[in-house]
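Trainee: Quick one: the structure is below, and I'll ask about it shortly.
Just so it is clear, none of the values below were taken in a lab; they were calculated from the coordinates. This is a predicted model, so every value here is computed, not measured. Cβ: placed from backbone, ideal geometry, glycine included. Neighbour counts: every protein chain shown.
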């Protein structure tokens with residue numbers, strides 16, 4: 001690979017599905033291979049770029065619009081973007097697809113029950129008790145992707161297995177060097 005192509009790897013799924021865990025594993029492997037990459041994560045972005053937004057549908061859409069702008073700038077300039085956001089609405093994800101370079105939608109699939117069991121923050125329990133409004137999957141809808149490029153089933157595969165599937169997809173499409181090319185260039 002003489003010049004890196006930009007891409008936007010968009011991990012979507014319920015809270016607790018495993019998006020951030022997988023994104024961190026993929027990011028580490030891409031950096032190990034010398035790929036220019038930036039990871040945009042819902043929790044991190046909400047602490048800085050979108051701290052003024054709440055969780056209404058309008059605010060969620062604004063959140064993703066701002067993240068899309070950043071992903072668009074990075075991906076069109078040859079940077080790999082790994083974005084992990086619940087992004088519950090298909091229409092919004094379709095907008096991200098149109099706006100960014102080499103968009104790859106990855107559905108991180110896990111049942112609501114499994115996500116609730118993994119919830120270390122206790123937000124799911126509060127949502128089920130009615131203490132949190134607009135909680136995706138409980139009191140607000142999550143629209144599963146219609147035709148994602150990749151589906152990761154995190155209830156039956158480990159985070160490492162899911163990350164390996166993402167890496168293989170990126171290699172097959174020529175977005176990242178294979179491990180053989182990395183070894184030869186060392």
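Trainee: Over 28 Å apart: what share of the alpha carbon pairs of the range 7-177 falls there, rounded to a whole percent?
Mentor: The calculated P(r) of the range 7-177 puts 18 percent of pairs beyond 28 Å.
Trainee: Now a separate question. So, by mean Cβ neighbours within 10 angstrom, what's the order for 163-170, 55-62 with the highest one leading?
Mentor: The packing order, highest mean first, is 163-170, 55-62.
Trainee: Take each of the peptides 75-86, 151-162, average the number of other beta-carbon atoms within 10 Å over its residues, and list them starting from the highest.
Mentor: In decreasing order of mean packing, 75-86, 151-162 become 75-86, 151-162.
Trainee: Whole Å is fine, so just give me how far the alpha carbon centre of the range 77-94 lies from that of the range 139-170.
Mentor: Rounded to whole Å, the Cα centres lie 13 Å apart.
Trainee: How many nm separate the modelled label positions at residue 55 and residue 143, each set 7 Å beyond the Cα in the direction of the Cβ?
Mentor: For residue 55 paired with residue 143, the spin-label model returns 2.0 nm.
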